[in-house]
Amino acid sequence: MVLWDYFLSYISGLLVIICVMIGVAFLTLLERKVLGYIQIRKGPNKVGFWGIPQPFCDAIKLFTKEQTYPVMSNYLMYYFSPIISLFLVLVTWMVFPMEWGLWSMNLGVLFFLCCLSLGVYTVMIAGWSSNSNYALLGGLRAVAQTISYEVSLALILMSFILLISSFSLLELMKYQSMVWFIYISFPLGMIWFVSCLAETNRTPFDFAEGESELVSGFNVEYSSGGFALIFLAEYASILFMSMLFVLLFLGADLFSLFFFVKLTMVSFIFIWVRGTLPRYRYDMLMYLAWKSFLPLSLNYLLFFLGLKIFILIFCIY
(Lines give C-alpha, C1' and ligand atoms only; values in the text may rest on other atoms or scores of the structure.)
Protein backbone atom coordinates (compact mmCIF):
# COMPACT_ATOMS: atom_id res chain seq x y z
CA MET A 1 0.00 0.00 0.00
CA VAL A 2 2.86 2.35 0.85
CA LEU A 3 4.53 1.55 -2.50
CA TRP A 4 1.25 2.28 -4.28
CA ASP A 5 1.07 5.70 -2.55
CA TYR A 6 4.63 6.48 -3.64
CA PHE A 7 3.83 5.39 -7.17
CA LEU A 8 0.72 7.62 -7.28
CA SER A 9 2.63 10.61 -5.93
CA TYR A 10 5.36 10.21 -8.58
CA ILE A 11 2.76 9.88 -11.34
CA SER A 12 0.95 13.01 -10.12
CA GLY A 13 4.25 14.92 -9.99
CA LEU A 14 5.07 13.77 -13.53
CA LEU A 15 1.63 14.89 -14.75
CA VAL A 16 2.10 18.33 -13.18
CA ILE A 17 5.53 18.69 -14.86
CA ILE A 18 4.16 17.62 -18.29
CA CYS A 19 1.25 20.07 -17.97
CA VAL A 20 3.63 22.87 -16.94
CA MET A 21 5.89 22.19 -19.95
CA ILE A 22 2.90 22.28 -22.33
CA GLY A 23 1.67 25.46 -20.60
CA VAL A 24 5.11 27.04 -21.08
CA ALA A 25 5.06 26.17 -24.79
CA PHE A 26 1.73 27.90 -25.33
CA LEU A 27 2.67 30.83 -23.05
CA THR A 28 5.60 31.60 -25.39
CA LEU A 29 3.21 31.45 -28.36
CA LEU A 30 0.73 33.75 -26.56
CA GLU A 31 3.54 36.18 -25.76
CA ARG A 32 4.74 36.35 -29.37
CA LYS A 33 1.19 36.81 -30.65
CA VAL A 34 0.29 39.52 -28.09
CA LEU A 35 3.56 41.41 -28.61
CA GLY A 36 2.95 41.18 -32.36
CA TYR A 37 -0.47 42.80 -32.07
CA ILE A 38 0.82 45.44 -29.62
CA GLN A 39 3.50 46.38 -32.18
CA ILE A 40 0.95 46.25 -35.05
CA ARG A 41 2.37 43.20 -36.80
CA LYS A 42 1.56 39.51 -37.06
CA GLY A 43 2.98 37.01 -34.63
CA PRO A 44 3.96 33.47 -35.68
CA ASN A 45 1.41 32.43 -38.34
CA LYS A 46 3.22 30.30 -40.93
CA VAL A 47 3.74 26.96 -39.14
CA GLY A 48 0.53 24.92 -39.09
CA PHE A 49 -2.85 26.44 -38.19
CA TRP A 50 -2.36 30.02 -36.80
CA GLY A 51 1.26 29.13 -35.97
CA ILE A 52 0.15 26.84 -33.11
CA PRO A 53 2.97 24.22 -33.59
CA GLN A 54 5.60 27.03 -33.60
CA PRO A 55 6.83 26.50 -29.97
CA PHE A 56 7.40 22.78 -30.62
CA CYS A 57 9.33 23.56 -33.82
CA ASP A 58 11.47 26.05 -31.86
CA ALA A 59 12.14 23.41 -29.18
CA ILE A 60 13.21 20.82 -31.78
CA LYS A 61 15.45 23.42 -33.46
CA LEU A 62 17.12 24.48 -30.20
CA PHE A 63 17.71 20.98 -28.82
CA THR A 64 19.11 19.61 -32.11
CA LYS A 65 21.59 22.49 -32.67
CA GLU A 66 25.27 22.02 -31.94
CA GLN A 67 26.19 22.76 -28.32
CA THR A 68 29.03 25.30 -28.12
CA TYR A 69 30.84 26.51 -25.01
CA PRO A 70 33.58 29.09 -24.31
CA VAL A 71 37.06 27.54 -24.10
CA MET A 72 37.90 29.51 -20.94
CA SER A 73 34.64 28.68 -19.14
CA ASN A 74 34.35 26.58 -15.99
CA TYR A 75 32.73 23.79 -17.98
CA LEU A 76 30.93 21.68 -15.33
CA MET A 77 29.28 24.66 -13.64
CA TYR A 78 28.52 26.25 -17.01
CA TYR A 79 26.89 23.04 -18.23
CA PHE A 80 24.85 22.16 -15.15
CA SER A 81 23.52 25.57 -14.03
CA PRO A 82 20.66 25.71 -16.65
CA ILE A 83 19.69 22.12 -15.77
CA ILE A 84 19.58 22.91 -12.03
CA SER A 85 17.66 26.13 -12.78
CA LEU A 86 14.89 24.25 -14.60
CA PHE A 87 14.92 21.47 -11.99
CA LEU A 88 14.40 24.00 -9.16
CA VAL A 89 11.45 25.66 -10.91
CA LEU A 90 9.79 22.29 -11.63
CA VAL A 91 10.34 21.15 -8.02
CA THR A 92 8.71 24.40 -6.85
CA TRP A 93 5.58 23.37 -8.78
CA MET A 94 5.23 20.44 -6.35
CA VAL A 95 3.60 22.86 -3.86
CA PHE A 96 0.63 23.14 -6.26
CA PRO A 97 -2.25 22.42 -3.83
CA MET A 98 -3.87 19.28 -5.20
CA GLU A 99 -6.80 18.43 -2.94
CA TRP A 100 -6.25 14.67 -3.06
CA GLY A 101 -3.10 15.16 -0.98
CA LEU A 102 -0.43 13.49 -3.10
CA TRP A 103 1.97 16.42 -3.14
CA SER A 104 0.13 19.00 -1.02
CA MET A 105 2.66 20.07 1.58
CA ASN A 106 1.64 21.44 4.94
CA LEU A 107 4.73 23.69 4.74
CA GLY A 108 4.26 24.66 1.08
CA VAL A 109 5.01 28.36 1.63
CA LEU A 110 8.37 27.59 3.30
CA PHE A 111 9.29 25.15 0.53
CA PHE A 112 8.48 27.80 -2.09
CA LEU A 113 10.70 30.39 -0.34
CA CYS A 114 13.58 27.88 -0.15
CA CYS A 115 13.38 27.08 -3.88
CA LEU A 116 13.09 30.79 -4.71
CA SER A 117 16.26 31.56 -2.75
CA LEU A 118 18.20 28.73 -4.39
CA GLY A 119 17.26 30.04 -7.86
CA VAL A 120 19.60 33.01 -7.30
CA TYR A 121 22.64 30.72 -7.22
CA THR A 122 21.96 29.22 -10.64
CA VAL A 123 21.86 32.69 -12.25
CA MET A 124 25.02 33.73 -10.41
CA ILE A 125 26.90 30.55 -11.38
CA ALA A 126 25.69 30.80 -15.00
CA GLY A 127 27.07 34.35 -15.22
CA TRP A 128 30.35 33.59 -13.42
CA SER A 129 31.20 30.23 -15.03
CA SER A 130 30.92 31.65 -18.58
CA ASN A 131 34.08 33.70 -17.86
CA SER A 132 32.60 36.63 -19.79
CA ASN A 133 32.45 40.22 -18.50
CA TYR A 134 28.93 40.80 -19.84
CA ALA A 135 27.61 37.54 -18.39
CA LEU A 136 29.19 38.32 -15.01
CA LEU A 137 27.64 41.82 -14.96
CA GLY A 138 24.22 40.35 -15.81
CA GLY A 139 24.58 37.73 -13.08
CA LEU A 140 25.55 40.34 -10.46
CA ARG A 141 22.59 42.53 -11.38
CA ALA A 142 20.21 39.56 -11.22
CA VAL A 143 21.45 38.54 -7.75
CA ALA A 144 21.13 42.08 -6.31
CA GLN A 145 17.68 42.49 -7.85
CA THR A 146 16.36 39.08 -6.75
CA ILE A 147 17.60 39.40 -3.17
CA SER A 148 16.05 42.90 -2.90
CA TYR A 149 12.59 41.81 -4.01
CA GLU A 150 12.63 38.49 -2.14
CA VAL A 151 12.44 40.44 1.13
CA SER A 152 9.12 42.04 0.11
CA LEU A 153 7.75 38.71 -1.17
CA ALA A 154 8.63 36.99 2.12
CA LEU A 155 6.98 39.75 4.18
CA ILE A 156 3.79 39.58 2.10
CA LEU A 157 3.67 35.81 2.55
CA MET A 158 4.22 36.26 6.30
CA SER A 159 1.20 38.60 6.39
CA PHE A 160 -1.02 35.85 4.95
CA ILE A 161 0.55 33.18 7.15
CA LEU A 162 -0.42 35.31 10.17
CA LEU A 163 -3.91 35.81 8.79
CA ILE A 164 -4.69 32.12 8.12
CA SER A 165 -2.34 30.63 10.80
CA SER A 166 -1.03 28.01 8.40
CA PHE A 167 1.83 27.39 5.94
CA SER A 168 -0.39 25.36 3.63
CA LEU A 169 -1.62 26.75 0.30
CA LEU A 170 -4.77 24.62 0.63
CA GLU A 171 -5.79 26.73 3.63
CA LEU A 172 -5.51 29.86 1.45
CA MET A 173 -8.08 28.36 -0.90
CA LYS A 174 -10.48 27.50 1.93
CA TYR A 175 -10.26 30.95 3.55
CA GLN A 176 -11.18 32.64 0.25
CA SER A 177 -14.25 30.55 -0.51
CA MET A 178 -16.51 33.50 0.49
CA VAL A 179 -14.40 36.63 -0.18
CA TRP A 180 -11.10 37.19 -2.01
CA PHE A 181 -8.10 38.58 -0.12
CA ILE A 182 -7.48 41.23 -2.77
CA TYR A 183 -10.41 43.23 -1.34
CA ILE A 184 -8.64 43.70 2.01
CA SER A 185 -5.10 43.91 0.61
CA PHE A 186 -5.18 45.54 -2.82
CA PRO A 187 -1.84 47.42 -2.30
CA LEU A 188 -0.23 44.12 -1.27
CA GLY A 189 -1.54 42.55 -4.47
CA MET A 190 0.06 45.26 -6.58
CA ILE A 191 3.38 44.98 -4.67
CA TRP A 192 3.30 41.19 -5.07
CA PHE A 193 2.73 41.48 -8.81
CA VAL A 194 5.54 44.03 -9.34
CA SER A 195 7.87 41.94 -7.15
CA CYS A 196 7.02 38.90 -9.27
CA LEU A 197 8.00 40.88 -12.37
CA ALA A 198 11.35 41.70 -10.74
CA GLU A 199 11.79 38.14 -9.44
CA THR A 200 11.31 36.59 -12.88
CA ASN A 201 13.53 39.22 -14.61
CA ARG A 202 10.68 40.54 -16.72
CA THR A 203 10.26 43.98 -18.29
CA PRO A 204 10.50 46.67 -16.86
CA PHE A 205 12.99 44.93 -14.51
CA ASP A 206 14.96 42.85 -17.03
CA PHE A 207 18.39 44.14 -15.96
CA ALA A 208 19.86 40.65 -15.88
CA GLU A 209 19.06 40.37 -19.61
CA GLY A 210 19.38 44.03 -20.66
CA GLU A 211 19.95 43.43 -24.39
CA SER A 212 20.74 47.08 -25.14
CA GLU A 213 23.45 47.24 -22.43
CA LEU A 214 24.76 43.72 -21.74
CA VAL A 215 24.28 41.95 -25.12
CA SER A 216 22.06 39.34 -23.45
CA GLY A 217 23.02 39.36 -19.78
CA PHE A 218 23.96 36.26 -17.79
CA ASN A 219 22.92 33.86 -20.62
CA VAL A 220 24.99 35.55 -23.35
CA GLU A 221 27.36 32.57 -23.85
CA TYR A 222 24.61 29.93 -23.89
CA SER A 223 23.32 28.43 -27.12
CA SER A 224 21.04 25.58 -28.25
CA GLY A 225 19.99 23.31 -25.34
CA GLY A 226 21.45 25.43 -22.51
CA PHE A 227 19.63 28.55 -23.70
CA ALA A 228 16.40 26.55 -24.16
CA LEU A 229 16.59 25.28 -20.56
CA ILE A 230 17.09 28.83 -19.17
CA PHE A 231 14.17 29.98 -21.34
CA LEU A 232 11.93 27.14 -20.08
CA ALA A 233 12.87 27.88 -16.46
CA GLU A 234 11.96 31.56 -16.86
CA TYR A 235 8.54 30.88 -18.37
CA ALA A 236 7.72 28.06 -15.94
CA SER A 237 8.56 30.56 -13.17
CA ILE A 238 6.17 33.13 -14.73
CA LEU A 239 3.38 30.54 -14.78
CA PHE A 240 4.10 29.58 -11.16
CA MET A 241 4.07 33.20 -9.98
CA SER A 242 0.76 33.74 -11.82
CA MET A 243 -0.69 30.66 -10.10
CA LEU A 244 0.53 31.89 -6.72
CA PHE A 245 -0.98 35.35 -7.33
CA VAL A 246 -4.35 33.73 -8.04
CA LEU A 247 -4.06 31.52 -4.93
CA LEU A 248 -3.11 34.43 -2.65
CA PHE A 249 -5.43 37.16 -3.87
CA LEU A 250 -8.13 35.91 -6.25
CA GLY A 251 -9.35 32.75 -4.53
CA ALA A 252 -9.05 29.39 -6.22
CA ASP A 253 -11.15 26.33 -6.80
CA LEU A 254 -8.75 24.03 -8.64
CA PHE A 255 -11.61 21.98 -10.07
CA SER A 256 -13.21 24.95 -11.81
CA LEU A 257 -12.33 26.35 -15.22
CA PHE A 258 -12.47 29.86 -13.72
CA PHE A 259 -9.22 29.24 -11.81
CA PHE A 260 -7.34 28.58 -15.06
CA VAL A 261 -8.97 31.61 -16.73
CA LYS A 262 -7.68 33.80 -13.87
CA LEU A 263 -4.22 32.21 -14.18
CA THR A 264 -4.17 32.94 -17.93
CA MET A 265 -5.25 36.54 -17.35
CA VAL A 266 -2.43 37.16 -14.84
CA SER A 267 0.08 35.62 -17.29
CA PHE A 268 -1.35 37.86 -20.00
CA ILE A 269 -0.70 40.93 -17.79
CA PHE A 270 2.98 39.84 -17.54
CA ILE A 271 3.12 39.96 -21.36
CA TRP A 272 1.11 43.18 -21.60
CA VAL A 273 3.55 44.93 -19.24
CA ARG A 274 6.45 43.76 -21.42
CA GLY A 275 4.87 45.26 -24.53
CA THR A 276 4.01 48.56 -22.83
CA LEU A 277 6.62 49.72 -20.32
CA PRO A 278 10.26 50.79 -20.90
CA ARG A 279 13.08 49.52 -18.69
CA TYR A 280 13.66 51.18 -15.30
CA ARG A 281 16.92 52.79 -14.30
CA TYR A 282 18.86 50.48 -11.96
CA ASP A 283 19.02 52.85 -8.98
CA MET A 284 15.25 53.42 -9.28
CA LEU A 285 14.73 49.64 -9.08
CA MET A 286 16.65 49.49 -5.80
CA TYR A 287 14.91 52.62 -4.48
CA LEU A 288 11.52 51.05 -5.24
CA ALA A 289 12.42 47.82 -3.41
CA TRP A 290 13.94 49.25 -0.24
CA LYS A 291 12.19 52.60 0.22
CA SER A 292 8.68 51.92 -1.10
CA PHE A 293 7.81 48.21 -1.04
CA LEU A 294 9.63 47.22 2.16
CA PRO A 295 7.97 49.85 4.46
CA LEU A 296 4.51 49.15 2.97
CA SER A 297 4.94 45.37 3.36
CA LEU A 298 6.06 45.83 6.99
CA ASN A 299 3.08 48.08 7.72
CA TYR A 300 0.68 45.51 6.28
CA LEU A 301 2.38 42.78 8.34
CA LEU A 302 1.83 44.80 11.53
CA PHE A 303 -1.76 45.55 10.44
CA PHE A 304 -2.54 41.84 9.95
CA LEU A 305 -0.85 41.01 13.26
CA GLY A 306 -3.02 43.59 15.04
CA LEU A 307 -6.11 42.32 13.21
CA LYS A 308 -5.37 38.73 14.28
CA ILE A 309 -4.84 39.71 17.93
CA PHE A 310 -8.07 41.78 17.87
CA ILE A 311 -10.04 38.83 16.44
CA LEU A 312 -8.60 36.43 19.05
CA ILE A 313 -9.45 38.81 21.94
CA PHE A 314 -12.95 39.38 20.48
CA CYS A 315 -13.51 35.60 20.23
CA ILE A 316 -12.35 34.98 23.82
CA TYR A 317 -14.55 37.67 25.35
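Listing for the model above:
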read-out	value
Lone qualifier among Ala228, Ala252 - being small (Gly, Ala, Ser) and surrounded by 22 or more Cβ atoms within 10 Å (Cβ to Cβ)	Ala252
Filter result (surrounded by fewer than 20 Cβ atoms within 10 Å (Cβ to Cβ), more than 20 Å from Leu107 (Cβ to Cβ) and within 19 Å of the chain's Cα centre (by Cα)) within segment 164-193	Gly189, Met190, Phe193
Residue in segment 28-47 that is surrounded by fewer than 15 Cβ atoms within 10 Å (Cβ to Cβ), part of a helix (DSSP H, G or I) and either aromatic (Phe, Trp, Tyr) or over 26 Å from the mean Cα position of the chain (by Cα) (or both) present	yes
Residue that is modelled with the lowest pLDDT, among those in segment 113-142 that are in contact with an Asp or Glu (Cβ under 7 Å, 6 or more places away or on another chain) and not in a helix (DSSP H, G or I)	Ser132
Inter-residue pairs, beta-carbon under 8 Å, first closer than 13 Å to Ile83 by Cβ and in segment 120-131, second aliphatic (A, V, I, L, M) and at pLDDT below 85, 6+ apart	Ala126/Ala135
Helices (runs of 4 or more DSSP H) (entirely within segment 171-280) containing at least 2 residues that are touching a helix residue (DSSP H, G or I) at 6+ places or on another chain (Cβ under 7 Å)	186-199, 224-249, 257-276
Residues located in segment 284-317, provided they are modelled with pLDDT under 85 and hydroxyl-bearing (Ser, Thr, Tyr)	Tyr317
Count - residues of segment 74-84 that are in contact with a Phe, Trp or Tyr (Cβ under 9 Å, 6 or more places away or on another chain) and either touching a residue at least 60 places away in the same chain (Cβ under 8 Å) or closer than 30 Å to Leu172 by Cα (or both)	4
Count of residues meeting criterion [closer than 18 Å to Leu86 by Cα and either at pLDDT 80 or above or not hydrophobic (A, V, I, L, M, F, W, C) (or both)] in segment 199-216	5
Condition met for Val89 (surrounded by 18 or more Cβ atoms within 10 Å (Cβ to Cβ), on the phi < 0 side of the Ramachandran plot and modelled with pLDDT under 85)	no
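The values are calculated or read from the model by the stated rules, or taken from the named source; none is laboratory data. A quick note: this is a predicted structure, and the numbers were derived from the prediction, not measured. With ideal geometry, Cβ positions are generated from the backbone for all residues, glycine too; neighbour counts draw on all protein chains shown.
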